[in-house]
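**Q** Questions regarding the structure given below will be posed in turn.
The values are calculated or read from the model by the stated rules, or taken from the named source; none is laboratory data. Treat the numbers as computed from the prediction; the structure is a model and nothing was measured. Don't worry about glycine lacking a Cβ; one is built from the backbone with ideal geometry, like all the others, and counts go over all protein chains shown. For the accessible areas, the whole protein counts, side chains as well, though only heavy atoms, and no ligand, DNA or RNA atoms are used. Shrake-Rupley method; radii C 1.70, N 1.55, O 1.52, S 1.80 Å.
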Amino acid sequence: MLYSSAQAWRDAPSKRVLFFGMSGLGKTYISNILRGAGGWFHYSIDYRIGTRYMGEYIADNAKAEAMKVPFLRDLLLSDSIYIGSNITFDNLTPVSSYLGKPGSPAMGGLPMSEYRRRQEQFRLAEIHALLDTEYFIDRAERLYGYPHFICDTGGSICEWVDAEDPNDPVLTELSKHTLMVWIKGDEAHTEELIRRFDRAPKPMSYQPEFLSRVWEDYLRKNNVSEADVDPDAFIRWTYAQALAHRQPRYEAMAQNWGVTVTADQISAVRDEAGFEDLIASALESAA
């Protein structure tokens with residue numbers, strides 16, 4: 001690990017951390033606290049994906065929809081209007097909207113072939129964004145003078161790595177430059193995430209093998225064809241399975257490549273000093 005002990009962490013003039021875990025457990029909360037302290041650069045993987053690696057996909061998809069409307073088509077073809085996405089740290093909706101949901105087009109779904117294509121685009125984009133971490137560490141210090149660095153990852157990081165492989169290229173690169181911190185939830189957190197998702201289901205990215213399995217299971221158990229699938233019903237049905245699928249993958253990442261803190265511990269942090277104490281304690285436990 002980047003810091004060999006709690007004391008090494010406390011003494012480090014430049015503190016660099018990477019948060020991973022399910023969305024909704026505090027990654028962005030703690031990132032905002034540290035960013036607000038003034039000395040921390042906040043690198044959002046999802047923001048980088050939406051602005052650097054999927055920006056054209058998102059804009060082109062919006063343009064394709066606009067081209068279906070004669071009035072807008074004429075304006076686009078004459079370069080009279082501009083269509084783009086307004087992605088911010090707090091609004092990543094354009095990314096999830098582009099990913100979409102598989103199922104009946106009449107219910108807003110995508111054909112599975114197109115859905116898989118966009119999933120693959122996202123997978124590659126996330127890997128590239130993760131591998132940009134070192135560049136942003138250097139940029140944050142050299143250009144802006146920030147001594148400390150936060151990498152705020154998306155929930156799907158565990159889908160693209162093999163934590164049991166000591167030579168995994170993504171984890172090897174990330175661990176060289178950051179202390180990887182798993183924000184772990186308990187059963188109560190999981191139940192709350194499921195309830196929250198059920199109220200407002202949002203597109204997700206999935207490991208290809210996992211997606212194939214749950215899609216085939218859903219079609220078989222509900223005796224429906226692809227064109228009859230309710231997109232929201234499918235992703236609601238899949239969400240709890242996705243949480244269960246990801247949990248051991250996160251755990252392996254923490255055991256082999258980083259440290260663990262709980263979501264409750266993160267929610268109790270109120271300032272930079274409290275965070276530094278929490279990570280020192282996690283390093284002591286890991287040792």
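**Q** Considering just Cα atoms, how many Å³ per residue does the convex hull of segment 6-286 enclose?
**A** On the way: hull volume 40.8 nm³, N = 281.
Residue-normalised Cα hull volume stands at 145 Å³.
**Q** Moving to a separate point now. If the only charges are +1 at each Lys and Arg Cβ and -1 at each Asp and Glu Cβ, what is the size of the charge dipole of segment 190-244 around the Cα centre, to the nearest 20 debye?
**A** On the way: 8 positive and 10 negative charges, 35 e Å.
Computed charge dipole of segment 190-244: roughly 160 debye.
**Q** Once ligands and nucleic acids are excluded and a 1.4 Å probe is used, how much of Ser113 is accessible, expressed in Å² to the nearest 10?
**A** The accessible area of Ser113 comes to roughly 90 Å².
**Q** For the chain, which whole-number percentage of the solvent-accessible area (1.4 Å probe, protein heavy atoms only) is attributable to carbon and sulfur atoms?
**A** Working: 6870 of 13990 Å².
On the chain, the fraction of accessible area on carbon and sulfur atoms equals 49 percent.
**Q** List the aspartates and glutamates whose Cα lies under 17 Å from the Cα of Lys221, skipping any in the same chain that are fewer than 8 positions away.
**A** Once the sequence-local aspartates and glutamates are set aside, what remains near Lys221 is Asp230, Asp232.
**Q** May I pose another question? Would you kindly find the accessible area of Arg196, with a 1.4 Å probe and non-protein molecules such as ligands, DNA and RNA excluded, rounding to the nearest 10 Å²?
**A** Accessible area, nearest 10 Å²: 100 Å².
**Q** If you don't mind, there's one more thing I want to ask. About its Cα centre, how strong a charge dipole does the chain have in debye, to the nearest 20, once Lys and Arg get +1 and Asp and Glu get -1 at the Cβ? Could the numbers behind the result be given before it?
**A** Numbers: 30 positive and 41 negative charges, 99 e Å.
Here the size comes out at about 480 debye.
**Q** Could you sort Ile33, Ile194 by accessible area so the largest value comes first, with the probe set to 1.4 Å?
**A** Numbers: Ile33 40, Ile194 60 Å².
Greatest to least solvent exposure: Ile194, Ile33.
**Q** Largest first, what is the accessible-area ranking of Met67, Met112 with a 1.4 Å probe? Don't skip to the answer; put the middle values down first.
**A** Working: Met67 60, Met112 10 Å².
Most to least solvent-accessible, the answer reads Met67, Met112.
**Q** In deg cm²/dmol, rounded to 500, what helix-only [θ] at 222 nm does the chain give when every DSSP H run of at least 4 residues adds -39500 (n - 2.57) and the total is split over its residues? Can you show the working numbers first?
**A** Working: 14 runs with 165 residues, N = 287.
Computed ellipticity for the chain at 222 nm equals -18000 deg cm²/dmol.
**Q** On to the next question. Could you calculate the FRET efficiency of Ala268 with Asn86 from 1/(1 + (r/R0)^6), where r is the beta carbon distance between them and R0 is 25 Å, rounded to 0.05? Please list the in-between numbers first.
**A** On the way: r = 34 Å, r/R0 = 1.35.
It comes to 0.15.
**Q** From the protein chains alone at 1.4 Å, what is the descending order of accessible area for Ser225, Ser44, largest first? Each step should come with its number before you reach the end.
**A** Numbers: Ser225 55, Ser44 10 Å².
Largest to smallest exposure gives the sequence Ser225, Ser44.
**Q** So between Glu114 and Lys202, what do we pick up on full extension, going 0.36 nm a residue minus the alpha carbon distance? Walk me through the numbers on the way to the answer.
**A** Values: separation 88, 0.36 × 88 = 31.68 nm, distance 1.74 nm.
Here the answer is 29.9 nm.
**Q** Determine ³J(HN,Hα), in whole Hz, for all residues of segment 263-274 in sequence, where each value follows from phi through the Karplus function 6.51 cos²θ - 1.76 cosθ + 1.60 and θ = phi - 60°; x replaces Gly and Pro.
**A** In residue order, the calculated couplings are 4, 5, 5, 5, 5, 7, 6, 10, 7, 4, 4, x Hz.
**Q** Here is a further query. Between Leu72 and Ala37, how high is the FRET efficiency from 1/(1 + (r/R0)^6) when r is the Cβ-Cβ distance and R₀ = 45 Å? Nearest 0.05. Provide the component values of the computation, followed by the final result.
**A** On the way: r = 45 Å, r/R0 = 1.00.
FRET efficiency, Leu72 to Ala37: 0.50.
**Q** If you don't mind, another one. Quick one: if you stick a label point 7 Å off each Cα along the C-beta vector at Asp79 and Ala240, how many nm between them?
**A** So the two model labels end up 5.5 nm from each other.
**Q** Between Thr172 and Ser281, take the C-beta separation as r, use R0 = 35 Å, and let me know the FRET efficiency to the nearest 0.05.
**A** For Thr172 and Ser281, the calculated efficiency is 0.85.
**Q** Across segment 44-61, in residue order, what do the Karplus-derived ³J(HN,Hα) couplings come to in whole Hz, using 6.51 cos²θ - 1.76 cosθ + 1.60 with θ = phi - 60° and x for Gly and Pro?
**A** These are the phi-based 3J(HN,Hα) values: 8, 4, 5, 5, 4, 4, x, 9, 9, 9, 10, x, 5, 4, 5, 5, 5, 5 Hz.
**Q** Okay, moving on. Taking +1 at the Cβ of each Lys and Arg and -1 at the Cβ of each Asp and Glu, which of Tyr206, Gly26, Ser78 sits farthest along the dipole of the chain towards its positive end, judged by Cα position relative to the Cα centre?
**A** Ser78
**Q** Separate question: Using only protein heavy atoms and a 1.4 Å probe, report how much of Ser23 is accessible, in Å² to the nearest 10.
**A** 60 Å²
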